[in-house]
Amino acid sequence: MTGSQWHRNYTRKTDGVATKYIYSQYRCRGRRNDVVNSCTQKTIVARVLDERVWQYVKAEIMNPVILERKLQELQEKQQDERSPILNRLEILTSHRGTIIEELRRLAVLYSKQAMPEYLLTDLIEQQNQKLQLTEAEIERLEEETTEPLSDEQILDLVSFSQKLEEKLSAVEDDFSAKRAVIDGLDVQVKVLERDGEQLLQISTLLNPSPFLGTLSHDSGSAARPSGGCARRRGG
């Protein structure tokens, strides 16, 4: 879903005072008539979704005790996911060392002409292919593995939460500050529809398992200015 806005001017007949209303919505691009598979998902008033997401995000980060527990759980999960990769890397590194030793032995035999040259050439080529495949797999695994959160990082984030809690009112009054928090937590929102009711799946860096809740659709109200605080995924 993407954000869209339109403006409507209203002039009061009694005194001629003009007022501009800004309507902001999230809607799926598939609602257009020129798409192959049209989407029937209803549009969402932006302020309704933004407020629901922000309340969830506040609960995620504004309580230092809960934040610390979630960060420790995330750290443990990262360590568990990393462990088999590190074990595999250790095996592959040892295997690479064995291949290199074999290449050195073949090089000595080659220099001493202790075996027919064509046999040594074939053996060396085979070992080189093994070495290339092993090094490619090591490189792939090294790219996949990421350092888990350190205890120092957790302390820093908890300290940040405490400071943020003190300045919450200022953050809530600043759209850019709220957006920075949401981007930093990699908030992802998915809108679903079940039995005519719209549901939200909200996942964050701290809680990859989506939160599922209802969204009260309020399409009849004029939306306040909003650029869309939440990231959207397909509905």
Cut-off 20 Å, label 7 Å out along Cα→Cβ of His7, residues of the stretch 38-74 by amide N: 46-47
Can you work out the base-10 log of I(q)/I(0) for the chain at q = 0.09, 0.11, 0.18 1/Å, using the Debye formula on its C-alpha atoms alone? -0.63, -0.78, -1.27
Which value results when the Cα radius of gyration for the stretch 85-128 is divided by 2.2 N^0.38 Å? 1.42
Hey, any idea what Rg/Rh is for the stretch 1-112, computing Rh the Kirkwood way over Cα pairs? 1.43
Not counting ligands, DNA or RNA, and with a 1.4 Å probe, what is Leu212's accessible surface area in Å² rounded to the nearest 10? 80 Å²
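For the chain, what is the mean residue ellipticity at 222 nm derived from helices alone (per DSSP H run of n ≥ 4: -39500 (n - 2.57); sum divided by total residues; nearest 500 deg cm²/dmol)? Provide the component values of the computation, followed by the final result.
On the way: 6 runs with 124 residues, N = 235.
After summing the helix terms and dividing by residue count, I get -18500 deg cm²/dmol.
Suppose every Lys and Arg Cβ carries +1 and every Asp and Glu Cβ carries -1, with no other charges. What dipole size does the chain come out with about its Cα centre, to the nearest 20 debye? Spell out each step's value before the answer.
Working: 33 positive and 37 negative charges, 355 e Å.
About 1700 debye.
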Considering only Tyr56, Thr98, Leu192, whose Cα is most displaced toward the positive end of the charge dipole of the chain, charges sitting on Cβ of Lys, Arg (+1) and Asp, Glu (-1)? Leu192
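The values are calculated or read from the model by the stated rules, or taken from the named source; none is laboratory data. Treat the numbers as computed from the prediction; the structure is a model and nothing was measured. Because the Cβ atoms are built from the backbone with ideal geometry, glycine has one as well, and the counts that use them run over all protein chains shown. Side chains are part of the model used for accessible areas, which takes the heavy atoms of the whole protein and leaves out ligands, DNA and RNA. Shrake-Rupley method; radii C 1.70, N 1.55, O 1.52, S 1.80 Å.
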